[in-house]
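Shown next, in structure tokens, is the structure this report addresses.
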Amino acid sequence: MRGFPRTAAFLSAAVLALTACDAEGGSPQAPSAPAGVTAQAGSATSVHVMWHEAPGTADVERYEIYRGETKVKDVPAQHTMADVTGLKPATSYTFTVRARAGRGLSPHSGGVSVTTPAAVAEDTTAPARPTGLRGVSDGARAARLQWNGATGDQGITSYDVLQNGTKIHSVAGNTTTTRLTRLRPGTRYRFTIVARDAAGNASPAGRAVEITTPRGPGDDPATAPLDFRVAPRAADGAYYADLSWLAPRTGAEVLSYQIRLNGSFVTTLTWGDEPPRGRAGYRMHLGRKADETYRIAIRAQLPDGTWGSLSPERTTVTGGVRP
């Protein structure tokens, strides 16, 4: 490992640790529990659960949502929110989240309790669309939204915030303002609001507002990892690729990366709250056959939760490397 970053050495050791303890019991190699779990009733039979990415060095593959001791949903690693449906009206629930990695399952997060509203008479009428949406950037990486309350036959239980048509946040029905974080500097965003009632009816989206976050000195719009390198390695009768790169300048710590092999997703690397300083690295197992050609690229998860641009592809051949 001489000349290769210490970070890469640490990750390769973790990747090669194939004899991890039982995932259900947790282990020193398992990911840490996700933090910041919140839950908001979306209707009499649904709850919107949100959380922060799990800290730690494990390669998180997915998140598991639990209602009490029962797992109710699996969510891909790139998402940190989900709607849990099929619940009972006027019922209190406690939700936790666990992170699943190849080497184990994290402990439960701190539990968060929420009570669904009472059932309502049969209602198929959607609430009125929210009006008066306005918003401003709040620095280079956040925005504030405010809108007028909507009306519905059974009242409003919650509001969904959509970014380019995709739900990214939810607030209580008595709230008509919110602050969005993890945005990128110098980027235009388009937000809309949808109202939901206790029967689960959703209004049409209100009129959109567009917000462009400012770009300050040193804010680089490029999102691909920098100076991506691939070096071949052979050990114990197998072939590997030693990857190394510098984090893109996103204005915040980059905690997760996706690796693509021959154009297809392979794995997600997650460092949690303490990503490597300087050059990061990872050792990828390629198999035992010589003269196999592989194309490898990597991309970062940006502060707003989206994935940035892919790095240039690097080509490696087991037993050698091609420029």
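Here is how the numbers come out for the structure above:
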| quantity | calculated |
| --- | --- |
| Sorted by Cβ neighbour density within 10 Å, fewest at the top, the residues Asp236, Asp138, Asp160, Asp74 | Asp236, Asp74, Asp138, Asp160 |
| Nearby lysines by direct alpha-carbon distance to Lys71 (threshold 28 angstrom, same-chain neighbours under 8 apart not counted) | Lys88, Lys167 |
| Tail fraction, Cα-Cα pairs, segment 31-115, threshold 23 Å, whole percent | 17 percent |
| Order of Thr125, Thr306 under a 10 Å beta carbon neighbour criterion, fewest first | Thr125, Thr306 |
| Lys/Arg +1, Asp/Glu -1 at C-beta; segment 230-304 dipole; positive extreme among Thr267, Pro232, Leu255 | Pro232 |
| Cβ-based exposure ranking for Phe95, Phe228, in which fewest neighbours within 10 Å come first | Phe228, Phe95 |
| Test item: Cα-centred dipole of segment 135-241, Lys/Arg +1 and Asp/Glu -1 on Cβ, debye | 180 debye |
| Cα shape, segment 42-187, gyration tensor, a/c 1.5 rule | oblate |
| Relative contact order (percent, whole number), segment 31-115, Cα cutoff 8 Å, 6+ residue spacing | 37 percent |
| Trypsin sites (Lys or Arg not before Pro) restricted to segment 151-242 and DSSP loop, no more than 14 other C-beta within 10 Å | Arg207 |
| Base-10 log of normalised Debye intensity for segment 160-241 (one unit scatterer per alpha-carbon) at q = 0.12, 0.19 Å⁻¹ | -0.58, -0.92 |
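A short reminder: the numbers here are calculations on the coordinates, not readings from a lab. What you see is a predicted model, and the numbers here were worked out from it, not measured in a lab. Here Cβ is always computed from backbone atoms with ideal geometry, including for glycine, and neighbour counts include all displayed protein chains.
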